[in-house]
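J.: My questions all concern the structure below.
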Amino acid sequence: MILISCVWLSRSPASLYIPIILKRLKFKRDYSQQFFIALLLVQAAAGILSYTFDLNRPFSESKNAANLMLKDKETGEYLSAGCGAAPVSAYLEKKVYHLNVQKYGSFCQFGDTAIEDEVRLKKDAVAFITKTHRPAFLITHIPLGLSPADSLNIMWVGNFERSALRNESYYIYRVQNNGL
């Protein structure tokens, strides 16, 4: 946005946009081209740096998490403890059921808090699949401690922890009703 603004200002009459102080310094005539080139170099360096960081440690693991879940053709439901699965929803091209507000959505409103209680999260996930009679993937930002009793209905599928952003790391579980 800054780059576009600078290009636009560089092509406009100086009397309309450049403050009087800069006119007195003859900034527009003497240094505008050097300033524009410096701005382009900073933008290019920032882009290259961000790209190399993303290759080494991705900013988000959303795409990788979605690709893992899409490999399973039998499971078509997706659950989330809160708003954390919204980026994954975009790659899944499907709405996620948010257990905290008990509705489907591809995004969340700010202020909707995630389910922090692990016991409640597992109970709500099992209740969902019991009601719908369909297996589902549970997407969380924290690893769940699975007891032998939990393992009957909830199975760890994968985790994606390399993200540079803490809330863009995911733990994926498959929740299914084993008739208990």
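J.: Of all residues in the range 43-80, which are in contact (Cβ under 8 Å) with a residue 24 or more places away in the chain, assigned to a helix (DSSP H, G or I) and closer than 28 Å to Arg134 by Cα?
T.: Ser62, Lys63, Asn64, Ala65, Ala66, Asn67, Leu68, Met69 - these are the residues of the range 43-80 that are in contact (Cβ under 8 Å) with a residue 24 or more places away in the chain, assigned to a helix (DSSP H, G or I) and closer than 28 Å to Arg134 by Cα.
J.: Name every residue in the range 35-63 that is farther than 27 Å from Ala86 by Cα and polar (S, T, N, Q), in order of residue number.
T.: Gln43
J.: Based on this model, can you work out whether Ala46 counts as modelled with pLDDT of 85 or more and under 16 Å from the mean Cα position of the chain (by Cα)?
T.: Values: modelled with pLDDT of 85 or more: yes; under 16 Å from the mean Cα position of the chain (by Cα): no.
No: the conditions fail for Ala46.
J.: Let me ask something else. Kindly provide the set of residues from the range 122-152 that are more than 23 Å from Glu74 (Cβ to Cβ) and not β-branched (Val, Ile, Thr), ordered by number.
T.: Residues of the range 122-152 that are more than 23 Å from Glu74 (Cβ to Cβ), as a first pass: 123, 141-143, 145, 147-149.
Lys123, His141, Pro143, Gly145, Ser147, Pro148, Ala149, listed by residue number.
J.: Separate question: I'd like to verify a number: residues in the range 49-69 that are surrounded by 15 or more Cβ atoms within 10 Å (Cβ to Cβ) and either touching a Ser or Thr at 6+ places or on another chain (Cβ under 8 Å) or among the hydrophobic types (A, V, I, L, M, F, W, C) (or both), how many?
T.: Going through the range 49-69 one residue at a time, the tally reaches 7.
The values are calculated or read from the model by the stated rules, or taken from the named source; none is laboratory data. All of these numbers come straight from a predicted model, not from anything done at the bench. Here Cβ is always computed from backbone atoms with ideal geometry, including for glycine, and neighbour counts include all displayed protein chains.
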